[in-house]
Amino acid sequence: MNKKTSTKIILSGMGLVLGYKGMKLMARSLFNTTIDNSVKRIMTDPYGENLWEFVSATSKYTPQVIEETNLRSEEGQVIQRPLGSPKQMPSLNELMFNIAQLYRMPTPLETDVDVKVVIGKHCSRPLEIDLPIMISGMAYGEALSAKAKVALAKGASMAGTATNSGEGPFLPAERKAAKKYILQYNRGFWNKTNEILRKADAIEIQFGQGALPVGHIMYADKMDAALKKAFPLKKGQNAVAHSRQPEVNNHKDLLQLVKKLKRIAGDIPIGAKLGAGKHLEKDIEVAVEAGIDFVVMDGAEAATKGSSPLMQDDFGVPTVFAISRAANYLRENNLRDKVSLVASGKIRTPGDVLKVIALGADAAYIGAIGLFAVSHTQVLGPLPYEPPTQLLWYDGKYAKQFNVNKGALSLAKYLQSCKEEIIEGIRALGKTSINQVCKEDLFAIDELTARGVQVPMAYDSYRTKNVLEETGRDEPANFISDDNWSEKA
């Protein structure tokens, strides 16, 4: 390379550098001018013309309220919000676990920990699962695609637990994929033939739910031919989920319904799904008197594919209080060994599961978080142009692209991971069985939660019982002395 050529290359490179620096300086100057002008307008424009008005408004009304106001203004009807309430309610987050170390020793790593659960212990065919987590009722057709339902069933089976049919029409492929299958006895007319009832390992009678306490209608003109056939519907017939069970208008009717289901399906667990309300103890009392084997208590934070913000935000008792109250009722009436309790409603983590167990539940349902697990990396398909749920909804734009086996494996791994974390947590409490976990293992970091579920505050010094007496708070209903903590009260 001669000197002349080298000089040209050097000059060309310098030109590029100078050009880049010049463009950078121009861009910085333009950006600075734009920002200065914008900030100056915000600092000087009268409030009625000032864009800061929107920031001020969102501080008062929140972006969520403004968005839903616009949707109401656009649609002129009940808006349907998916995946539950964004409202910050008292929750399981305010509970913390004890640490066993010297005063109470942790469980050695080599010691086996039992996390198996039996639902309906007095039934000749109880529901036995390998971990205290089950897949909640999410409806085929009304919410999820057939592929999504089959993946949930298959993943649950791989993990050794049960899946729930949900409110939608019976899906044979889901039943085939599920080793443990809970049939939801809905508030409509479908899924109630003797043939379908006999396919269940447990039956859950739907009376209410946290996110949708009232009934709803699926209109025939909004369904495709496959879904109409699955229900099945006559020409022009709507699928109506009533606000109450059509067969239950009084307490005596419920007793007869439970007897009928036992007669048809055999001695399998028959449960009642209840939305947690002010009268939850009375609701449980009616269900128990009718011979119910398990109660599903669905807290106010529970989600669904679509219900009004009013139903999600302003109705129901938060899960943390609902489970504590339900467990207290069963305990106080000597029903803990007769009636199983399943917790539901914004249960998202292994810690959440272990906390509802400590409050008195036997097992927990997961719903929306199970959808995140089953879709895992497959959500990269619809993102960033569509919401991830478009992969799972019945009418989702990416529903056909969902891979059932991949989804099932993702869910199974998630459930196995949760199981291992729960086992680790039980060891950290110095215990060897999930049946030993109880309220005595908990304390609160929030006064309202402490009073609501009757556990000590984090700042209370030990002994708990003395502290509670000194502060005037009630003793936890299942307080267990240090000499007798091996079994749940």
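The values are calculated or read from the model by the stated rules, or taken from the named source; none is laboratory data. Nothing here was measured: the structure is a model prediction, and the numbers come from that model. Backbone-built Cβ (ideal geometry, glycine too); neighbour counts: all protein chains shown.
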Exercise. Answer yes if at least one residue in segment 94-106 is surrounded by 14 or more Cβ atoms within 10 Å (Cβ to Cβ), under 30 Å from Ser307 (Cα atoms) and not β-branched (Val, Ile, Thr), and no otherwise.
Key: yes
Quiz prompt | Selected residue [more than 30 Å from Asp313 (Cα to Cα) and surrounded by fewer than 17 Cβ atoms within 10 Å (Cβ to Cβ)] from Asn194, Asn250 | solution = Asn194
Quiz item: Does Tyr385 satisfy being among the aromatic types (Phe, Trp, Tyr) and buried (at least 21 other Cβ atoms within 10 Å of the Cβ)?
Solution: no
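Every residue, every condition in (1) within 48 Å of the chain's Cα centre (by Cα); (2) over 30 Å from Arg451 (Cα atoms); (3) modelled with pLDDT of 70 or more, yes or no:
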site: Gly13; (1), (2), (3): no, yes, no
site: Ser29; (1), (2), (3): no, yes, yes
site: Pro46; (1), (2), (3): yes, yes, yes
site: Gln80; (1), (2), (3): yes, yes, yes
Practice problem: Specify which of the listed residues (Asp362, Asp293, Asp298, Asp337) is in contact (Cβ under 8 Å) with a residue 12 or more places away in the chain, buried (at least 20 other Cβ atoms within 10 Å of the Cβ), more than 27 Å from Lys413 (Cβ to Cβ) and not hydrophobic (A, V, I, L, M, F, W, C). | Solution: Asp293
Quiz prompt | Subset of segment 424-434 (residues that are over 13 Å from Lys355 (Cα atoms) and either acidic (Asp, Glu) or within 25 Å of the chain's Cα centre (by Cα) (or both)) | solution = Glu424, Ser433
Quiz item: So which of Lys346, Lys431 is basic (Lys, Arg), buried (at least 20 other Cβ atoms within 10 Å of the Cβ), in contact (Cβ under 8 Å) with a residue 60 or more places away in the chain and under 22 Å from Asp298 (Cα atoms)?
Solution: Lys346
Self-check item: Conditions (1) farther than 27 Å from Ala272 by Cβ; (2) in contact (Cβ under 8 Å) with a residue 12 or more places away in the chain: number failed by Gln88
Solution: (2)
Practice problem: Would you tally the residues in segment 301-316 being buried (at least 21 other Cβ atoms within 10 Å of the Cβ) and either modelled with pLDDT of 95 or more or more than 17 Å from Lys355 (Cα to Cα) (or both)? | Solution: 7
Practice problem: Mind telling me which of the residues Ala399, Ala412 ends up being assigned by TED's automatic domain parsing to the domain that holds Ala100, surrounded by 17 or more Cβ atoms within 10 Å (Cβ to Cβ), modelled with pLDDT under 95 and aliphatic (A, V, I, L, M)? | Solution: Ala399
Quiz item: Among the residues of segment 344-358, is any at pLDDT 95 or above, assigned to a helix (DSSP H, G or I) and either closer than 28 Å to Leu227 by Cβ or of a type in the set (Lys, Arg) (or both)?
Solution: yes
Practice problem: Go through segment 253-282 and give me each residue that's in a helix (DSSP H, G or I) and either outside the structural domain of Ala202 (by TED's automatic domain parsing) or closer than 17 Å to Arg187 by Cα (or both). | Solution: Asp253, Leu254, Leu255, Gln256, Leu257, Val258, Lys260, Leu261
Practice problem: Please find, among Ala287, Ala300, the residue that is under 17 Å from Ser344 (Cα atoms), in the same structural domain as Pro213 (by TED's automatic domain parsing) and not in a strand (DSSP E or B). | Solution: Ala300
Practice problem: Answer yes if at least one residue in segment 232-241 is in a helix (DSSP H, G or I), crowded, with 20+ Cβ neighbours inside 10 Å and assigned by TED's automatic domain parsing to the domain that holds Lys199, and no otherwise. | Solution: no
Quiz prompt | Candidates Ala428, Ala444 - the one that is over 22 Å from Trp393 (Cβ atoms), in contact with a helix residue (DSSP H, G or I) (Cβ under 6 Å, 6 or more places away or on another chain) and of a type in the set (Gly, Ala, Ser) | solution = Ala444
Practice problem: Check whether at least one residue in segment 287-308 is closer than 21 Å to Lys338 by Cα and among the polar types (S, T, N, Q), and report yes or no. | Solution: no
Self-check item: Subset of segment 257-281 [of a type outside the set (Gly, Ala, Ser) and over 19 Å from Ser344 (Cα atoms)]
Solution: Leu257, Val258, Lys259, Lys260, Leu261, Lys262, Arg263, Ile264, Asp267, Ile268
Practice problem: Output yes when any residue across segment 102-116 is in the same structural domain as Ile366 (by TED's automatic domain parsing) and of a type in the set (Lys, Arg), and no when none is. | Solution: yes
Quiz item: Going through segment 374-396 one residue at a time, which ones are of a type in the set (A, V, I, L, M), assigned to a helix (DSSP H, G or I) and at pLDDT below 95?
Solution: Val379, Leu380, Leu391
Quiz item: Quick one: which strands (runs of 3 or more DSSP E) sit completely within segment 164-218 and have at least 1 residues that are under 25 Å from Asn249 (Cβ atoms), modelled with pLDDT of 95 or more and in the same structural domain as Asp130 (by TED's automatic domain parsing)?
Solution: 181-185, 202-206
Quiz item: Which of (1) under 25 Å from Tyr181 (Cα atoms); (2) in a helix (DSSP H, G or I) is the odd one out, the single condition Met311 does not satisfy?
Solution: (1)
Practice problem: Kindly check whether there is at least one residue in segment 128-137 that is modelled with pLDDT under 95 and buried (at least 18 other Cβ atoms within 10 Å of the Cβ). | Solution: yes
Self-check item: All positions within segment 270-290 that are buried (at least 24 other Cβ atoms within 10 Å of the Cβ) and within 19 Å of Pro126 (Cα to Cα)
Solution: Ile270, Gly271, Ala272, Lys273, Ala287
Quiz item: Consider Gln206 against the criteria (1) crowded, with 24+ Cβ neighbours inside 10 Å; (2) in contact (Cβ under 8 Å) with a residue 24 or more places away in the chain; (3) not aromatic (Phe, Trp, Tyr): it satisfies all of them except one. Which criterion is unmet?
Solution: (1)
